[in-house]
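Structure first, commentary second.
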Amino acid sequence: MRTARLYLIVAAVCWSTAGAAVKLSTLSGWQLASGRSLIAAVVLALVLPAGRRLPSRRGALVTLAYASTVVSFIVATRLTTSANAIFLQSTAPLYVLMLSPWVLGERPTRGELLAVPVFLLGLSLFFLDQLDPGQRTGNAVAMISGICFATCILGLRAVKNEGTSVLVWGNVLAGGVTLFLSLDGPRPTALDLGLVVFLGVFQLAFAYACFQRGLRETPAVEASLLILIEPVLNPVWTFLLAGERPGGWALVGGTIILAATAWRIVLVSFRTSGPTARENVS
């Protein structure tokens, strides 16, 4: 279980680099979404041969949710600030919390229920600083991205063994659909091409492979809370590399989320390494 949580944290760190890469690129959101998904599809198909198999009907629904997630987030990040996009996508744990008992039969623990208001407090501070009424389209797309991401989390947890197929074919779907929408975009520079490769290989393929692996052994609610370190790091990388400055409230909110995440990890580690856990192992 501890290794599974580590996979989830690594995935969140990888995801957090998207904002900076998108802001550094001159390409449109459709071009970035198409390029990174097509590259990710090739990488995952080569590294995970089992993913080349077509998913089942249930897996196909998860594939659609995954494709919607990866496209909507990139488009939202292009239209609004990276902090806005990641904040609104990070409403996913709320939907997971509400739907997990019915979809997966996984009821959240008392600690997870208590952790949600803390995370919401931290995320609401991002809202105070960053959301601008003039960016309504981007914010709306980001909100849709949060719903899609919650569906993706629940779906990947449900299909488990089909997860690699969902990742491969989800990227094929996302890259293929957005390819037609990206034809009128600007001519890519050398930096743009490098950023697209980075996004496809590292930020998407490697990150989701880690996420899918960690989600096999981690309840959906806990997983959705652990990966909330992404909204903390995303604005940081964007500020350091692209110069997009998060506000003071966003920094306070990020500190709260990081502290809550650390608390969750330490608490779970303490429980699993305690006397009862050791007795169960022996």
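The values are calculated or read from the model by the stated rules, or taken from the named source; none is laboratory data. Every value quoted in this text rests on a predicted model; they were computed, and no experiment measured them. Cβ coordinates were reconstructed from backbone atoms using ideal geometry, including for glycine residues, and neighbour counts include every protein chain displayed. When the accessible area is computed, the model is the full protein with side chains, heavy atoms only, and any ligands, DNA or RNA have been set aside. Shrake-Rupley method; radii C 1.70, N 1.55, O 1.52, S 1.80 Å.
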Quote to one decimal, in nm, the extra length available between Arg245 and Leu128 on full extension: 0.36 nm per residue of separation minus the C-alpha distance between them.
-> 40.7 nm
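Would you mind working out the accessible area per residue for the range 1-125, using a 1.4 Å probe, and quoting it in Å²?
It amounts to 42 Å² per residue over the range 1-125.
Using Cα pairs under 8 angstrom and six or more residues apart, how large is the relative contact order of the range 17-154, in percent?
Relative contact order of the range 17-154: 37 percent.
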Over the chain, volume per residue of the alpha carbon convex hull, in Å³ = 126
Taking the dipole of the range 127-249 about the Cα centre (Lys, Arg +1; Asp, Glu -1; charges at Cβ), the one of Ala142, Leu233, Val177 that reaches farthest to the positive side is Val177
So what J values fall out for the range 32-43 if you push phi through Karplus, 6.51 cos²θ - 1.76 cosθ + 1.60 with θ = phi - 60°, rounded to Hz, Gly and Pro as x?
-> 5, 5, 5, x, 5, 5, 5, 5, 4, 4, 5, 4
With all protein chains present, calculate the accessible area of Glu162 using a 1.4 Å probe and round the result to the nearest 10 Å².
-> 40
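Quick one: grab the alpha carbon gyration tensor of the range 138-200, order the square roots of its eigenvalues as a ≥ b ≥ c, and give me rounded if a/c is under 1.5, else prolate or oblate depending on whether a/b is larger than b/c.
Verdict is prolate for the range 138-200.
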Using a ≥ b ≥ c from the Cα gyration tensor of the range 14-87 (square roots of the eigenvalues), is it rounded, prolate or oblate, where a/c under 1.5 gives rounded and otherwise the larger of a/b and b/c decides, a/b for prolate?
-> prolate
Within the accessible area of the chain, what % is carbon and sulfur when the probe is 1.4 Å and the other protein chains stay in place?
-> 69
Per residue, how many Å² of accessible area does the range 146-216 show with a 1.4 Å probe?
-> 42
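For the range 1-160, just say rounded, prolate or oblate: build the C-alpha gyration tensor, square-root its eigenvalues into a ≥ b ≥ c, call rounded for a/c under 1.5, and beyond that prolate if a/b exceeds b/c, oblate if not.
Here the range 1-160 falls in the oblate category.
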